[in-house]
Amino acid sequence: MTGSLREALGAARDPEFTMMLPEGWSRLDATDEARDRLLADLRSRFAAAHRPDLWAAARAAVTNAFTGLRQSGGVAVMLQTSSGDGVPFVPASVTASVQSGLDGATLDEFVAGLIARGATPLGEDKRFIRLEEREVRSEDGVRIGVTTVRYLTPVPGSGRRRALLLTAVLPHEPETPDDDPLLAATRFTIDAHVATLRWLPPAGGGGA
């Protein structure tokens, strides 16, 4: 999967990134049309499976992902759009956006704030800092637990003034423990795929 930062942001100075996605996942642009098509497909799928509980969680995940993407000036949302034999549907999503320092300042203060909230490096991958948080929300009167994982890495050549922010949203039952096998596996899978992110040289130029 390739996220086209250059085209979406209109910023020729930013390189593009490429990143592997879990099986059955797709990248969608941040448009209402893409959101509505996805919601219609998910609603039909869960109705046929007689799983209104999963539909509520999936609808919340998708709606929140697209809303957060637009609010943050994001460029794409990545989530599972199909499932095959032995691949359960997981209502999680990852949004990609670019954070910029105010008035050309670096993002050092922003990064320090994330670290103060508990952010740590992504395992052995020191390119990213990772912050995981958990809360309980109410969607249409239904209580939903949400685990949010944020990954921040600097955009090459930006002098720490711009950074790519990947935000993973994992809805689940409010009482789901942190060590729940499906939740733990989903976190591990997203961590592993985020670690595959690579920057590509700017089109028509040299390296970043």
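The values are calculated or read from the model by the stated rules, or taken from the named source; none is laboratory data. It should be emphasised that the depicted structure is a prediction, and the values quoted were computed from it without experimental measurement. Don't worry about glycine lacking a Cβ; one is built from the backbone with ideal geometry, like all the others, and counts go over all protein chains shown. Please note that ligands, DNA and RNA were not included when accessible areas were found on the heavy atoms of the full protein model with its side chains. Shrake-Rupley method; radii C 1.70, N 1.55, O 1.52, S 1.80 Å.
Here is the figure for segment 160-195: residues that are part of a loop (DSSP other than H, G, I, E, B) and open to solvent by less than 40 Å² (accessible area, probe 1.4 Å) total 3.
The single condition among (1) open to solvent by less than 30 Å² (accessible area, probe 1.4 Å); (2) more than 20 Å from VAL194 (Cα to Cα); (3) not charged (D, E, K, R) that ALA116 does not satisfy is (1). Among residues of segment 5-20 being assigned to a loop (DSSP other than H, G, I, E, B) and buried (at least 17 other Cβ atoms within 10 Å of the Cβ), the one that is modelled with the highest pLDDT is MET19.
For segment 24-49, residues that are closer than 14 Å to ALA61 by Cβ, in a helix (DSSP H, G or I) and either open to solvent by less than 60 Å² (accessible area, probe 1.4 Å) or hydrophobic (A, V, I, L, M, F, W, C) (or both) total 5. When the strands (runs of 3 or more DSSP E) confined to segment 94-156 are screened for residues that are more than 27 Å from ALA57 (Cβ to Cβ), those reaching at least 3 such residues are found at 125-139.
Here ASP125 passes the criteria (1) in contact (Cβ under 8 Å) with a residue 60 or more places away in the chain; (2) open to solvent by 40 Å² or more (accessible area, probe 1.4 Å); (3) of a type in the set (Asp, Glu) except the one numbered (2). May I ask you to verify whether THR67 is open to solvent by 40 Å² or more (accessible area, probe 1.4 Å), at pLDDT 75 or above and not basic (Lys, Arg)? Criteria met by THR67.
Would it be correct to say that GLU109 is open to solvent by 70 Å² or more (accessible area, probe 1.4 Å), without any contact (Cβ under 8 Å) to a residue 40 or more places away in the chain and touching a strand residue (DSSP E or B) at 6+ places or on another chain (Cβ under 9 Å)? Taking the combined requirement at face value, the residue does not satisfy it.
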